[in-house]
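These notes concern the structure reproduced below.
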Amino acid sequence: MEEPSRLTKTKEQWAKARRGGEEREVFYEGDERLPPGQHVVETFPVLDLGHRPEIALSDWRLTIGGFVANPLTWTWQEFLALPPFKDVSDFHCVTSWSRFDNEWEGVSFKHIMSVVKPLSLAKFVLFKSYDDYTTNLPLEACDDDDVLLAYKWNGQPLGKEHGGPVRVIVPKRYAWKGAKWIKEITFSDKDEKGFWEVRGYSNSALPWKNDRYA
């Protein structure tokens, strides 16, 4: 992507100042479910880079490749035909807000791995979105019971503002690791940093270690 726009720079400042836009605080720090430096909100604040791509479901494709035995591309109908997976998890944004008990429905990452069959060389995963956003994770972080590609939130189709039609959910990492508007997943033998990671954010993004910046 091009160098950060003024809006992108503003969002970087939000993160450093631990702000997240419009939100309604419920509990304060000290709740046992909260990672350090977080507070709970009832709303679902929207943070993005200022561009929300228009994706017709008839045009939507998810391409998975790299070090896998079975590279593939799914259409929307093919993706919906995969076994559905539901999970309830908390959502932690690096700008300091958390939202408890989100009900997600989609396709588990474990199922995706069972289909594409990562090769032994695959140690990392790079996610790319329809707005060209990227983020990266170790394969072992993705191979977890609560990681999924979600198309519903709290029983409703995932809205565009929250990454619909499909976004990645990785509950044990800060939310920027869960790419919105997912388009491509690449299994790799090397760790390629994504959009925020090359701009000074933590490469590991572990909320319970307050692991926000490199």
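The values are calculated or read from the model by the stated rules, or taken from the named source; none is laboratory data. Because the structure is predicted, anything quoted here is derived from the model rather than measured. Every residue, glycine as well, gets a Cβ built from its backbone with ideal geometry; the counts of neighbours run over all protein chains shown. Accessible surface areas use protein heavy atoms only, side chains included; no ligands, DNA or RNA. Shrake-Rupley method; radii C 1.70, N 1.55, O 1.52, S 1.80 Å.
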How large is log10 of I(q)/I(0) for the range 34-96 at q = 0.14, 0.18, 0.21 Å⁻¹ when the intensity is taken from the Debye formula with one equal scatterer per alpha-carbon?
-0.78, -1.00, -1.03
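In what order, largest first, do Leu121, Leu149 sit by accessible area if the probe radius is 1.4 Å?
From most accessible down to least: Leu121, Leu149.
What pairs from Lys152/Lys180; Lys123/Lys160; Lys110/Lys172; Lys86/Lys193 go past 23 Å between their alpha carbons? All intermediate terms of the calculation are to be shown ahead of the outcome.
On the way: Lys152/Lys180 13 Å; Lys123/Lys160 31 Å; Lys110/Lys172 15 Å; Lys86/Lys193 29 Å.
Listed pairs above 23 Å: Lys123/Lys160; Lys86/Lys193.
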Roughly how many nanometres apart are two label points built 7 Å out from the Cα toward the Cβ at Asp143 and Glu103?
3.2 nm
Provide the convex hull volume over Cα atoms per residue for the range 73-214, in Å³.
108 Å³
For the residue pair Lys190 and Ala81, what label-to-label distance in nm results when each label sits 7 Å from Cα along the Cα-to-beta-carbon direction?
3.7 nm
Thr63 and Tyr213 label points (each 7 Å along its Cα→Cβ direction) are spaced in nm at 3.6 nm
